[in-house]
1. Tally up the residues in the stretch 105-138 that are outside any helix (DSSP H, G or I) and either within 24 Å of Val152 (Cα to Cα) or without any contact (Cβ under 8 Å) to a residue 60 or more places away in the chain (or both), please.
2. Are any residues in the stretch 100-128 more than 13 Å from Val6 (Cβ to Cβ), buried (at least 18 other Cβ atoms within 10 Å of the Cβ) and of a type in the set (Gly, Ala, Ser), and if so, which ones?
3. So, in the stretch 381-428, exactly how many residues are of a type in the set (S, T, N, Q) and touching a strand residue (DSSP E or B) at 6+ places or on another chain (Cβ under 8 Å)?
4. Would you call Pro46 closer than 26 Å to Glu254 by Cα, outside any strand (DSSP E or B) and touching a Lys or Arg at 6+ places or on another chain (Cβ under 9 Å)?
5. Let me confirm something: among Ala398, Ala422, which residue is in contact (Cβ under 8 Å) with a residue 24 or more places away in the chain, surrounded by 14 or more Cβ atoms within 10 Å (Cβ to Cβ), part of a helix (DSSP H, G or I) and among the small types (Gly, Ala, Ser)?
6. Does the stretch 176-184 contain any residue that is under 35 Å from the mean Cα position of the chain (by Cα) and either modelled with pLDDT under 95 or of a type in the set (Ser, Thr, Tyr) (or both)?
7. Looking at the stretch 359-368, can you tell me whether even one residue there is assigned to a helix (DSSP H, G or I), over 21 Å from Val252 (Cα atoms), in contact (Cβ under 8 Å) with a residue 40 or more places away in the chain and of a type in the set (D, E, K, R)?
8. Among residues belonging to the stretch 9-29 that are modelled with pLDDT of 95 or more and more than 19 Å from the chain's Cα centre (by Cα), point out the one that is farthest from Val170 (Cα to Cα).
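The values are calculated or read from the model by the stated rules, or taken from the named source; none is laboratory data. Keep in mind that what you see is a predicted model, and the values were worked out from it rather than measured. Reconstructed Cβ throughout: ideal geometry from the backbone, glycine too, with neighbour counts over all protein chains shown.
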Amino acid sequence: MPGYAVVDVETTGLFPGGQDRIVEVAVVHVSSTGELEGSWTTLLNPQRDLGPQHIHGITAADVLGAPSFDEIAGTLAGLLAGRVFVAHNASFDMRFIRAAYDGLGYDIPVVPGTSLCTMRWAGQLLPQAPRTLAGCCECAGIALDGAHAALVDATATAELLRHYLTLVGVTPGNPWASPPWAEVLELVGTVRWPAIPTHDVACCFRGSAGAQMEVPFLTRLVDHLPTTCGPVEHQEYLALLDRALLDRFLSVRERDALVGLAGSLGIDRQTAARLHRGYLTALARAALSDGEVSDEEVRDLVTVATLLGLSEEQALAAIHEAAAAEVNCVGGSDDAALAPGCFRLSPGDRVVFTGDMCLPREVWIGRAADAGLVAHPSVTKGVALVVAADPDSLSAKARKAASYGIPIVTEQAFSGMLARMAHAEAAR
């Protein structure tokens, strides 16, 4: 008899067929008698903003290198074909799966007649249980740790299905027992799937970007290159570094951009390390401009050093070197060309917001207006800054800002910029 393909999807929102798309999909195979046979999962690049990240917990950094749906469509079809489609609240998952295939021009036989909803069957088999997957699992004694991760939810749903099969007498020891949804099994055996090409692409998993972020981007630069770059190329590299470090965070997109620019300019790892050390020294000199370096400024220098692949000791050494030199004597030194830029927001600057932020967007727009900034609906070359819920946001706004070289910062960094604007205004 046909087995089951238990599916769960995490999405950017609630409305398939429009802007919302799948960002993670998992399939767990269950035999006709309830035995778990295997599983498969991957993140997907939705090529848009990820929506409520606080619910599904997926970061844009994780999906930057993930396959798109069209790249896994053939593989997923092979996992679903010939099996009953099962999900908790199956209509939700079915709509997204069908919409994704519809977008590629395929009409797939994932319909109510070939599917099984563990939420609906709970009304008969677990009448005391609430509708949620967590509630049904609790009533059935099934562990559910890490909900809203596709494979976790799909595995829990597979265990719930096995519990249902046991309740209706279908077990490995009684394979010929007929479940109350026997007509679904019969129909599944008769439907045909369209031929969908498969692609040799690697699956992508949660946390994959974390390991990449732990490795300083400096180590990705070429060890040695012919010495063809000079002050102009150094300034171009440092200008990008300035923009990337505005929020004291280097996103995956920013790291890739720095590595790519360094390669194109002929800046090797040794040269970049020297530029980074000079940049840090210039920051220390800027911190000393008022005669002292506060604890907060020390922490900031250490943060920058870490991001640049330098050590805390090197950050402290930069402070001592700056203190030993005359603060205003930078003319003629190598560090003059390495001095960090002075990006500041000014009243009248245009700011664009993108993504599902911690605070409602209306709050940020109001705070920006109070500071004299103009919230702009779209990214143009006249925009000064983009504030994103996720600095690696895949939204159209973030992608356009990156192409224009407009800084993209977190809302926390933007809050700090607003505070500095207020402090500067009060000091006048």
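1. Just the residues of the stretch 105-138 that are outside any helix (DSSP H, G or I), to begin with: 105-111, 115-117, 126-132.
When the remaining residues are screened for being either within 24 Å of Val152 (Cα to Cα) or without any contact (Cβ under 8 Å) to a residue 60 or more places away in the chain (or both), the result is 105, 110-111, 115-117, 126-132.
Total meeting the criteria: 13.
2. Ala100, Ala122
3. Within the stretch 381-428, residues that are of a type in the set (S, T, N, Q) and touching a strand residue (DSSP E or B) at 6+ places or on another chain (Cβ under 8 Å) number 3.
4. yes
5. Working: Ala422 fails: surrounded by 14 or more Cβ atoms within 10 Å (Cβ to Cβ).
The conditions single out Ala398.
6. No: zero hits.
7. At the first step, the residues of the stretch 359-368 found to be assigned to a helix (DSSP H, G or I) are 361-368.
Next, only the ones that are over 21 Å from Val252 (Cα atoms) stay: 361-368.
Those still in the list that are in contact (Cβ under 8 Å) with a residue 40 or more places away in the chain too: 364, 367-368.
Among the residues that remain, those that are also of a type in the set (D, E, K, R) are: 367.
Yes.
8. If we take residues in the stretch 9-29 being modelled with pLDDT of 95 or more and more than 19 Å from the chain's Cα centre (by Cα), then Val27 is farthest from Val170 (Cα to Cα).
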